[in-house]
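Working notes for the structure below.
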Amino acid sequence: MGYRSLFAPGCFKDRTIIVTGGGSGIGRCTAHELASLGAHVVLLGRKREKLDAVAREITEDGGACSLEALDIRDEEAVKAAVARIVAARGVIHGLVNNAGGQFPSPLAAISKKGFDAVVATNLTGGFLMAREVFLQSMSNHGGAIVNMLADAWGGMPGMGHSGAARMGMLNLTQTAAVEWASTGTRVNAVAPGWVVSSGMDSYKDEGVKALIPLLKKEVPLQRLATESEVSAAIVFLLTDAAAFITGEVIKIDGGASCNTKIYPLEETSASKPYEGFHRAQAPKILGGEGKE
């Protein structure tokens with residue numbers, strides 16, 4: 001059994017697409033879907049052992065991939081990695097700027113070091129990746145970039161550092177979409193809400209862990225997203241079918257960003273999740289087996 005994508009088989013044949021944060025969560029899922037559709041996926045992340053594990057999965061499933069282990073906050077490392085990819089593959093057709101990370105904290109308790117670290121990962125690192133992919137390939141050949149935001153509309157209490165960075169990425173997406181349009185480069189973004197992903201097991205704070213099973217009650221569709229529902233939006237924005245879409249954001253939050261907190265939400269099980277990822281593993285916090 002392979003990835004159950006809804007997109008046409010082979011639609012990314014002979015294309016090279018980088019996925020940052022490809023060693024786990026949404027990045028792992030997206031890399032699998034792209035590889036199942038014929039892309040050569042370049043997995044990029046800090047921990048080589050995680051990238052190796054995903055690369056083995058993709059190869060076992062019949063896909064093609066390579067990997068680059070680096071910290072996207074390191075400008076020189078990013079420049080060198082993109083240069084190696086261009087030397088090996090010739091053209092970079094797509095970039096999924098997925099890598100990110102944060103920790104729960106009220107603003108008053110966040111140190112400058114902590115704030116800088118989250119902004120560097122969620123904003124600056126994504127900028128460096130996009131800039132180098134553009135300068136070293138897409139400025140000459142065009143391509144598609146999909147950046148990662150989050151449901152931070154109207155603020156992100158408890159994660160203000162991440163919210164600030166994600167909204168910065170929104171403006172970066174819109175700016176790049178205009179500045180790079182003449183080269184045939186499209187730049188869009190996705191903004192997931194709460195996603196059933198291995199990342200949920202990374203939170204150690206007991207208060208946060210207690211909240212996770214309750215999150216669905218704040219979502220109009222009364223459930224959380226699957227990784228494959230986020231991947232499907234990313235993949236669509238990379239396809240030729242999205243050739244006239246740039247500077248846009250697709251919200252994947254079950255209507256949570258529309259919730260006024262005043263309108264009473266009804267309990268429902270009417271919304272059925274799309275389960276495309278054949279290797280998906282629910283986090284332990286939600287009763288799954290998790291993934292190391």
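The values are calculated or read from the model by the stated rules, or taken from the named source; none is laboratory data. All values derive from a computational prediction rather than experimental measurement. Cβ sites come from the backbone with ideal geometry, for glycine too, and all protein chains shown count toward neighbours.
Restricting to segment 13-38, give me the number of residues that are within 11 Å of Ile92 (Cα to Cα) and touching a Phe, Trp or Tyr at 6+ places or on another chain (Cβ under 7 Å).
0
Among the residues that make up segment 231-247, is at least one of them over 23 Å from Asp201 (Cα atoms), modelled with pLDDT under 95 and of a type in the set (Phe, Trp, Tyr)?
Looking for residues that are over 23 Å from Asp201 (Cα atoms), modelled with pLDDT under 95 and of a type in the set (Phe, Trp, Tyr), one finds none in segment 231-247, hence no.
Check off (1) surrounded by 16 or more Cβ atoms within 10 Å (Cβ to Cβ); (2) of a type in the set (Gly, Ala, Ser); (3) more than 24 Å from Ala232 (Cα to Cα) for Gly287 and give me the number that stays unchecked.
(1)
Which ones in segment 24-52 are of a type outside the set (D, E, K, R) and either without any contact (Cβ under 8 Å) to a residue 12 or more places away in the chain or over 20 Å from Glu229 (Cβ atoms) (or both)?
Answer for segment 24-52, where residues must be of a type outside the set (D, E, K, R) and either without any contact (Cβ under 8 Å) to a residue 12 or more places away in the chain or over 20 Å from Glu229 (Cβ atoms) (or both): Gly38, His40, Val42, Leu43, Leu44, Gly45, Leu51.
Got at least one residue in segment 116-129 being surrounded by 15 or more Cβ atoms within 10 Å (Cβ to Cβ), more than 21 Å from Phe12 (Cα to Cα), touching a strand residue (DSSP E or B) at 6+ places or on another chain (Cβ under 6 Å) and polar (S, T, N, Q)?
no
Among the residues that make up segment 29-50, is at least one of them hydroxyl-bearing (Ser, Thr, Tyr), buried (at least 20 other Cβ atoms within 10 Å of the Cβ) and touching a Lys or Arg at 6+ places or on another chain (Cβ under 7 Å)?
Looking through segment 29-50, none of the residues is hydroxyl-bearing (Ser, Thr, Tyr), buried (at least 20 other Cβ atoms within 10 Å of the Cβ) and touching a Lys or Arg at 6+ places or on another chain (Cβ under 7 Å).
Could you tell me whether segment 203-212 includes any residue that is out of contact with any Leu (no Cβ under 9 Å at 6 or more places or on another chain), crowded, with 22+ Cβ neighbours inside 10 Å and in contact (Cβ under 8 Å) with a residue 40 or more places away in the chain?
No, segment 203-212 contains no residue that is out of contact with any Leu (no Cβ under 9 Å at 6 or more places or on another chain), crowded, with 22+ Cβ neighbours inside 10 Å and in contact (Cβ under 8 Å) with a residue 40 or more places away in the chain.
Evaluate the following for Lys272: is it more than 23 Å from Gly94 (Cβ to Cβ) and charged (D, E, K, R)?
Values: more than 23 Å from Gly94 (Cβ to Cβ): yes; charged (D, E, K, R): yes.
So Lys272 passes the test.
Go through (1) within 22 Å of Arg166 (Cα to Cα); (2) surrounded by 12 or more Cβ atoms within 10 Å (Cβ to Cβ); (3) among the hydroxyl-bearing types (Ser, Thr, Tyr) one by one and return the number of the condition Thr260 breaks.
(2)
Any idea which residue in segment 11-28 is surrounded by the fewest Cβ atoms within 10 Å (Cβ to Cβ), counting only those that are in contact with a Leu (Cβ under 7 Å, 6 or more places away or on another chain) and assigned to a loop (DSSP other than H, G, I, E, B)?
Going through the qualifying residues, I end up with Cys11.
Return the residues of segment 177-202 that are touching a helix residue (DSSP H, G or I) at 6+ places or on another chain (Cβ under 6 Å) and of a type in the set (Ser, Thr, Tyr); say none if nothing qualifies.
If the condition is that a residue be touching a helix residue (DSSP H, G or I) at 6+ places or on another chain (Cβ under 6 Å) and of a type in the set (Ser, Thr, Tyr), then Thr183, Thr185, Ser197, Ser198 are the ones that fit.
Could you grab me the full set of residues in segment 211-232 that are outside any helix (DSSP H, G or I), out of contact with any Gly (no Cβ under 6 Å at 6 or more places or on another chain) and not charged (D, E, K, R)?
Gln222, Leu224, Ala225, Thr226 - these are the residues of segment 211-232 that are outside any helix (DSSP H, G or I), out of contact with any Gly (no Cβ under 6 Å at 6 or more places or on another chain) and not charged (D, E, K, R).
Which of the following residues is buried (at least 16 other Cβ atoms within 10 Å of the Cβ) and polar (S, T, N, Q): Ser182, Ser231?
Of Ser182, Ser231, the one residue that is buried (at least 16 other Cβ atoms within 10 Å of the Cβ) and polar (S, T, N, Q) is Ser231.
Within segment 153-187, take every residue that is touching a Ser or Thr at 6+ places or on another chain (Cβ under 6 Å) and modelled with pLDDT of 95 or more and give me the one that is nearest to Ser24 (Cα to Cα).
Val187
Going by what's in this entry, would Val195 be described as in contact with a strand residue (DSSP E or B) (Cβ under 6 Å, 6 or more places away or on another chain) and either under 22 Å from Pro106 (Cα atoms) or without any contact (Cβ under 8 Å) to a residue 12 or more places away in the chain (or both)?
Yes; evaluated as a whole, the condition is true for this residue.
Test Gln102 against the stated conditions and say whether it is surrounded by fewer than 19 Cβ atoms within 10 Å (Cβ to Cβ) and touching a helix residue (DSSP H, G or I) at 6+ places or on another chain (Cβ under 8 Å).
No.
Give the residue that is farthest from Ser202 (Cα to Cα), with candidates limited to residues of segment 49-103 that are assigned to a strand (DSSP E or B) and of a type in the set (S, T, N, Q).
Ser66
Filter segment 234-251 down to residues that are buried (at least 22 other Cβ atoms within 10 Å of the Cβ) and under 30 Å from Pro213 (Cα atoms) and give me whichever is nearest to the chain's Cα centre (by Cα).
My answer is Ile234.
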